[in-house]
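Undergrad: Input: one structure, supplied below.
The values are calculated or read from the model by the stated rules, or taken from the named source; none is laboratory data. Please read these numbers as outputs of a predicted model, since none were measured by experiment. We place every Cβ from the backbone using ideal geometry, glycine too, and count neighbours over all the protein chains shown. What goes into the accessible areas is simple: the full protein's heavy atoms, side chains included, and nothing from ligands, DNA or RNA. Shrake-Rupley method; radii C 1.70, N 1.55, O 1.52, S 1.80 Å.
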Amino acid sequence: MERIQNYINGELVAPQSGMYIDNYDPSRGVVYSAIPDSDEADINAAVAAAKRAFPGWSNTPYTERSAIMQRLADLIRDNLNRLAAAESKDNGKPVSLARTVDIPRAESNIRFYATAIMHFESKAHIMENRVINYTHKKPLGVVGCISPWNLPLYLFTWKIAPALAAGNCVVAKPSEITPMTAYLLSELAIEAGLPAGVLNIVHGLGGRAGQAIISHKDVVAISFTGGTATGAHIAREAAPKFKKLSLELGGKNPNIIFADCDFDKMLSTTLRSSFANQGQICLCGSRIFIQDTLYDRFKDAFVEKVARMKVGDPSDPATKMGAVVSEDHMNKILSYIKLAQEEGGKVLTGGHRVHLEGELAGGYYIAPTIIEGLEYTCRTNQEEIFGPVVTLTPFKTEEEVLTMANSTPYGLASTVWTQDLTRAHRVAAHIESGIVWINCWLLRDLRTPFGGVKQSGVGREGGFEALEFFTEAQNVCIEL
Ligand code: NAD
């Protein structure tokens, strides 16, 4: 059985304790590899290596840092099929999705920041031709990057790329549930010629390896994507130590459908925004609000299409719906479906585990599920489920749907379907979310700010925002 290794000081090494954790293939429900159960000793070694590498890397011309990162992006492109197969096996997602979304996006993330750093500029402020101030944007030092399991390599590189481009050295931990592509990335980083210690990838549990990163005195900033409860814990730990923090957390996103929408486009996009990656994207629209005059037409068409969606083997290129990530997560999703029924909801389609045949019999599959008849204030409509489960709720007026949409503690993303331009702008302005998609979903321009409000996070990633996060602005004032 394959044993994943840590990547510390430019080398692939075993955890110092010699301890490993089981890594599951969710499509079959079996252990297929082992992950280092790293602890403080491994993190200390990684931070020490990063600290040693920092003077060299931060003083490497940005053109050279960019060239090394571009080589890494090329290697991701050249290994597309291998990385996509690994991501699918580790996460349960359809290989077609990993091949067209996850891995190409990981390549773009690295390429985007390898080139963005060449255009990252400072301001100068001149006072009456007598005094010049200029802003020096300095890399921070050793930074921690911690990512979740839903878009493993995609979100891991989204943090590492701006951190490295800006001249920082990184200690990164992928989710222990989906470590494989981060491990393969460490092999590619060696091949790309990244100097030793610049990037360190340490595997292990959040409460042990992750905790050692966030509490380490020499880790001066933490970029975290994951659950809101973990984000709150990290904030409690990091704030008194005055670490810089970027937190991308959970969501419970509204998908608002007005009666005047382009019905066909809305319907096909809503299928994706509900169930892509088995609903395990922080941006999925899990609360669907439909204007009352369109409700029955939408419900009939949506249920008919979802009932025909086939859950299947993630490694089959034809599969659109694969396995959810783990047994625990499957049970959590099923418990929410049960809760929804207890709260008075009616399951229109799905609502159960799916048992596939042969080797896949032990896999973690759930039928795409639509529920109606719930109050917008109930737990099913307020708490993040993060699976293939959506609720349908009718509304009459714009004011009413805004109240419903803004009723949760979250505020990550929202989707609005209408042909009325004025209404689209008005609704967008009143929605409490960091991202609003109008007549589209998950259309991403990497230059735009990305992040949530309320309990969906603090700070913005994307574009120059991430380079601002990974640098400290120092003002230098000169009197002439
Ligand atoms: P999680 O919070 O359980 O884990 C995320 C990461 O944090 C993992 O690497 C984990 O090992 C680590 N971790 C856990 N405890 C830690 C600790 N005490 N110290 C340091 N690190 C620790 O989240 P998850 O279940 O992996 O991911 C699902 C969540 O992520 C959902 O809530 C989803 O909405 C959210 N998410 C948000 C975004 C976004 O951009 N806002 C994107 C994807 C996922």
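Undergrad: Answer with yes or no whether E87 is of a type outside the set (S, T, N, Q) and either under 22 Å from the mean Cα position of the chain (by Cα) or open to solvent by less than 20 Å² (accessible area, probe 1.4 Å) (or both).
TA: On the way: of a type outside the set (S, T, N, Q): yes; either under 22 Å from the mean Cα position of the chain (by Cα) or open to solvent by less than 20 Å² (accessible area, probe 1.4 Å) (or both): yes.
In short, yes.
Undergrad: Then there is this: So which of G351, G344 is among the small types (G, A, S), loosely packed, with under 15 Cβ neighbours inside 10 Å, free of Cβ contacts under 8 Å to residues at least 40 places away in the same chain and in a loop (DSSP other than H, G, I, E, B)? Lay out the reasoning, then the answer.
TA: Numbers: G351 fails: loosely packed, with under 15 Cβ neighbours inside 10 Å.
Only one candidate qualifies: G344.
Undergrad: Sticking with this structure for a sec: Is it the case that D262 is open to solvent by 10 Å² or more (accessible area, probe 1.4 Å) and either in contact with a Phe, Trp or Tyr (Cβ under 8 Å, 6 or more places away or on another chain) or at positive phi (or both)?
TA: Numbers: open to solvent by 10 Å² or more (accessible area, probe 1.4 Å): yes; either in contact with a Phe, Trp or Tyr (Cβ under 8 Å, 6 or more places away or on another chain) or at positive phi (or both): yes.
When the stated conditions are applied, D262 passes them.
Undergrad: Would you check which residues across the range 235-252 are free of Cβ contacts under 8 Å to residues at least 60 places away in the same chain and not basic (K, R) and list them? Before the answer, list the steps.
TA: Narrowing the range 235-252 to residues free of Cβ contacts under 8 Å to residues at least 60 places away in the same chain: 236-243.
E237, A238, A239, P240, F242 - these are the residues of the range 235-252 that are free of Cβ contacts under 8 Å to residues at least 60 places away in the same chain and not basic (K, R).
Undergrad: Right, something else. How many residues are of a type outside the set (D, E) and closer than 26 Å to R130 by Cα if we restrict to the range 460-480? I'd like the intermediate steps shown before the answer.
TA: Start the filter on the range 460-480 by keeping residues that are of a type outside the set (D, E), which leaves 460, 462-464, 466-467, 469-471, 473-478, 480.
Going one step further and asking which of them are closer than 26 Å to R130 by Cα, we end up with 473-478, 480.
The number of residues fulfilling the criteria is 7.
Undergrad: Taking R460 and the conditions (1) out of contact with any helix residue (DSSP H, G or I) (no Cβ under 9 Å at 6 or more places or on another chain); (2) not assigned by TED's automatic domain parsing to the domain that holds L283, which numbered condition does it fall short on, given that it satisfies the others?
TA: Checking R460 against (1) out of contact with any helix residue (DSSP H, G or I) (no Cβ under 9 Å at 6 or more places or on another chain); (2) not assigned by TED's automatic domain parsing to the domain that holds L283, the one that fails is (1).
Undergrad: Has the range 324-333 got at least one residue that is touching a residue at least 12 places away in the same chain (Cβ under 8 Å), within 16 Å of the ligand (Cβ to nearest atom) and polar (S, T, N, Q)?
TA: Just the residues of the range 324-333 that are touching a residue at least 12 places away in the same chain (Cβ under 8 Å), to begin with: 324-327, 329-330, 332-333.
Okay, now just the ones that are also within 16 Å of the ligand (Cβ to nearest atom), so 324-327, 329-330, 332-333.
Narrowing further to those that are polar (S, T, N, Q): 326.
There is at least one residue in the range 324-333 that is touching a residue at least 12 places away in the same chain (Cβ under 8 Å), within 16 Å of the ligand (Cβ to nearest atom) and polar (S, T, N, Q).
Undergrad: Hey, another quick one. Being within 30 Å of G362 (Cβ to Cβ) and more than 16 Å from the chain's Cα centre (by Cα), is that true of even one residue in the range 187-194?
TA: yes
Undergrad: Still on this model: Select the strands (runs of 3 or more DSSP E) contained entirely in the range 7-78, then report the ones holding at least 1 residues which are more than 24 Å from the chain's Cα centre (by Cα) and either in contact (Cβ under 8 Å) with a residue 40 or more places away in the chain or loosely packed, with under 15 Cβ neighbours inside 10 Å (or both).
TA: On the way: elements: 11-13, 20-25, 30-36.
Of the strands (runs of 3 or more DSSP E) lying wholly inside the range 7-78, those with at least 1 residues that are more than 24 Å from the chain's Cα centre (by Cα) and either in contact (Cβ under 8 Å) with a residue 40 or more places away in the chain or loosely packed, with under 15 Cβ neighbours inside 10 Å (or both) span 11-13, 30-36.
Undergrad: Taking the range 164-185, which residues are more than 30 Å from M330 (Cα to Cα) and within 16 Å of the ligand (Cβ to nearest atom)?
TA: If we filter the range 164-185 for residues that are more than 30 Å from M330 (Cα to Cα), which is where we start, we get 164-171.
Result: V170, V171.
Undergrad: Tell me, yes or no, whether the range 241-250 has at least one residue that is assigned to a helix (DSSP H, G or I), outside the structural domain of S414 (by TED's automatic domain parsing), more than 10 Å from the ligand (Cβ to nearest atom) and open to solvent by 30 Å² or more (accessible area, probe 1.4 Å).
TA: The initial filter retains those residues of the range 241-250 that are assigned to a helix (DSSP H, G or I), namely 241.
Among the residues that remain, those that are also outside the structural domain of S414 (by TED's automatic domain parsing) are: 241.
Add one more test, that the residue is more than 10 Å from the ligand (Cβ to nearest atom), and what stays is 241.
In the following step, the residues that additionally are open to solvent by 30 Å² or more (accessible area, probe 1.4 Å) were identified as 241.
There is at least one residue in the range 241-250 that is assigned to a helix (DSSP H, G or I), outside the structural domain of S414 (by TED's automatic domain parsing), more than 10 Å from the ligand (Cβ to nearest atom) and open to solvent by 30 Å² or more (accessible area, probe 1.4 Å).
Undergrad: Sticking with this structure for a sec: Looking only at residues that are assigned to a loop (DSSP other than H, G, I, E, B) and more than 13 Å from the ligand (Cβ to nearest atom) in the range 276-300, which one is most open to solvent (accessible area, probe 1.4 Å)?
TA: Out of the qualifying residues, it is T293.
Undergrad: Any idea which residue in the range 437-470 is surrounded by the most Cβ atoms within 10 Å (Cβ to Cβ), counting only those that are away from the ligand (no atom under 14 Å from the Cβ) and under 17 Å from the mean Cα position of the chain (by Cα)?
TA: W441
Undergrad: Only one residue in A85, A48, A34 is at pLDDT 95 or above and either over 30 Å from G362 (Cβ atoms) or not hydrophobic (A, V, I, L, M, F, W, C) (or both), so which one is that? Explain how you work it out, then say what you get.
TA: Values: A85 fails: either over 30 Å from G362 (Cβ atoms) or not hydrophobic (A, V, I, L, M, F, W, C) (or both); A34 fails: either over 30 Å from G362 (Cβ atoms) or not hydrophobic (A, V, I, L, M, F, W, C) (or both).
Checking each option against the conditions leaves just A48.
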